[in-house]
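> The structure that follows is given in the form of structure tokens.
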Amino acid sequence: MSKLLYAMYDLANSAYTMVIITFVTSAYFANQIVGDAQLGAAYWQWTAGLCGILIALTGPLLGLVADKKPKGRIIYLERFTLFCILTTCLFWFSKPNSNFILFTLLIFFVSNYFYEIATIFYNSLLKNCSNKKNIGKTSGLGFALGYLGSVPIIFICLYLFILPEKTLFNLDKNNFEHIRFIPFIVALWFLIFSFPMIYYFKNKIKYATNYKERSSLKKIFEIVWKNKFTSTGKFLLARMIYSDALIVLIAGGGVYASGVFGFSPSELLKLAIYSNVVAFVGVLIGGYLNDLFSSKNIILICILFLIVAVIYGSLIAQTKNQFFYNVMFISFFIGSIQSASRVLMTKFLNTNNLGKGFGLFSFSGRVTAFAGPLLVGTVTYLYSQRIGLFSVSFLFLLGFILMMSVKNL
């Protein structure tokens, strides 16, 4: 029961990732608010990078505070989830006019910050509902349910708001009200499917009560360094690099598809539907293999295939069909690498430092998060979106090299 409820939060928050970050709101911002797909893509990536800096600086400290109380992590999860839901609704006021560029970027920055901080505390609860024998399956189930569960909300967006000439609630398409209303659907979805998990973990799960050990900044530091890099520290260093590449693919996929291949909003959502179904299959398989083999090996394999996909999508693919199949290939591996990373981090931690540990996990994924989007945004601005995407392959390659030194668990 606890495993399914844990996975429901992935179902809930995946709507924000798919609709706001990747496919709908990002493309709307670039094409209708900025009016220039290339410039809009750069703005969006730069904002994601700046948000990553703030997440990196505050995540470990919030984890430190949460670890001081038995229910601290679930309480923080509840609060930041609600903050994300409320700020997501503000995208309604982002009108298709260049005067709303700064406003929209600010809402993206704030809502994305709350989303990412909530994810820290969600990840830290994985150990509370699994054991060493099934932790990979539990993590995989969460990502799988998130991918598969995104399909219904994408259908809702596509067939109730984007495709019909007369939309639900008679929203004005000329003023893009049908696109601006979709964040309300995302917020409602997030609220409905996150509540059962939060309620259950807040009231039914027993937490460790031995919190006599004094928490301090030194305790955070010791997770990654004790006279030399710890095994956890080596992993976080590797993840720091390959997460930069993942952030670019997730945050910029919709903008790239619309800017380079001319995908319309409806085509983007259809692309999202198929990619989520493929990711569902991939992450279930990856979760099963994670318990049979090692998380490290799963991560290395995923990185290699993602390098191939990035090179193909940036330098070789010329048609919509070629790009479509390349996205399917990426989707198969992108969930598995995220799931395996969460599992490996959980194995490195004990019950009293999960908040601090996953704060560092977020730190590793965000401290240089500006680097990936800044790199791609700048290369895109100077050259083209294709060359910008190609630069991601170097981040994956460096992450692969660093991951080789991480201990197998």
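Read-outs: derived from the displayed coordinates by stated rules, not from any lab. Owing to the predicted nature of the structure, the values given are computational and were not obtained by experimental measurement. Here the Cβ positions follow ideal geometry from the backbone for every residue, glycine too, while neighbour counts run over all protein chains shown.
> Too long at a 32 Å Cα-Cα cut-off: which of Lys95/Lys204; Lys3/Lys166; Lys95/Lys202; Lys95/Lys320? Present the calculation step by step, with values, prior to reporting the outcome.
Numbers: Lys95/Lys204 44 Å; Lys3/Lys166 41 Å; Lys95/Lys202 39 Å; Lys95/Lys320 29 Å.
Violating the 32 Å limit, Cα to Cα: Lys95/Lys204; Lys3/Lys166; Lys95/Lys202.
> Something else: Strictly over 23 Å apart at the Cα level, which of Lys69/Lys137; Lys68/Lys407; Lys68/Lys219; Lys356/Lys407; Lys234/Lys296 would you flag in this model? Before the final figure, lay out each step's value.
Working: Lys69/Lys137 28 Å; Lys68/Lys407 29 Å; Lys68/Lys219 12 Å; Lys356/Lys407 21 Å; Lys234/Lys296 12 Å.
Over 23 Å apart, Cα to Cα: Lys69/Lys137; Lys68/Lys407.
> Taking N as the number of residues in the range 55-109, what is its alpha-carbon radius of gyration divided by 2.2 N^0.38 Å?
1.53
> Per-residue ellipticity at 222 nm for the chain, helices alone: DSSP H runs ≥ 4 residues times -39500 (n - 2.57), over residue total, nearest 500 deg cm²/dmol?
On the way: 16 runs with 294 residues, N = 409.
Calculated mean residue ellipticity at 222 nm is -24500 deg cm²/dmol.
> Would you order Lys407, Lys347, Lys204 from fewest to most other beta-carbon atoms within 10 Å of each residue's own beta-carbon?
Values: Lys407 13, Lys347 17, Lys204 10.
Exposure proxy ranking, most exposed first: Lys204, Lys407, Lys347.
> Direction-averaged shadow area of the convex hull around the Cα atoms of the chain, nm²? Display every interim value, and only then the final one.
Values: hull surface 72.1 nm².
About 18.0 nm², averaged over all directions.
> Using alpha-carbon positions, what is the distance between the centroids of the range 101-136 and the range 75-89, in Å?
Each part's Cα centre sits 10 Å from the other's.
> Name the long-range amide H neighbours of Phe229: under 5 Å, sequence gap of 5 or more, or other chain; modelled H, no Pro or chain starts.
Long-range HN contacts for Phe229: none found.
> Here is a further query. As an exercise, identify the chymotrypsin sites (Phe, Trp or Tyr not before Pro) in the range 316-400 lying in DSSP coil whose Cβ has no more than 14 other Cβ atoms within 10 Å.
On the way: sites: Phe323, Phe324, Tyr325, Phe329, Phe332, Phe333, Phe348, Phe358, Phe361, Phe363, Phe370, Tyr381, Tyr383, Phe390, Phe394, Phe396, Phe400; in loops: Phe370, Tyr383.
Of the chymotrypsin sites (Phe, Trp or Tyr not before Pro), the ones in loops of the range 316-400 whose Cβ has at most 14 other Cβ atoms within 10 Å are Tyr383.
> To continue, here is another question. Taking only the C-alpha atoms, wrap a convex hull around the range 124-275 and report its volume per residue in Å³ as a whole number.
On the way: hull volume 28.5 nm³, N = 152.
With only Cα atoms used, the range 124-275 gives 187 Å³ per residue.
> What longest region of the chain stays clear of GluC sites (Glu not before Pro) that DSSP places outside H, G, I, E and B and that have at most 13 other Cβ atoms within 10 Å? Walk me through the numbers before you get to the answer.
Working: sites that count: Glu165, Glu213.
That gives 214-409 as the longest site-free run.
> What list do you get for Cys157, Cys129 if you sort them by fewest beta carbons within 10 Å? Could the numbers behind the result be given before it?
Numbers: Cys157 26, Cys129 21.
Placing the least packed residue first, the sequence is Cys129, Cys157.
> With 10 angstrom as the radius, rank Val376, Val260 by how many other C-beta atoms surround their C-beta, starting from the fewest.
On the way: Val376 32, Val260 22.
Least to most surrounded, the residues fall as Val260, Val376.
> Taking the alpha-carbon centroid of each part, what is the distance from the range 172-190 to the range 9-52 in angstrom?
Rounded to whole Å, the Cα centres lie 14 Å apart.
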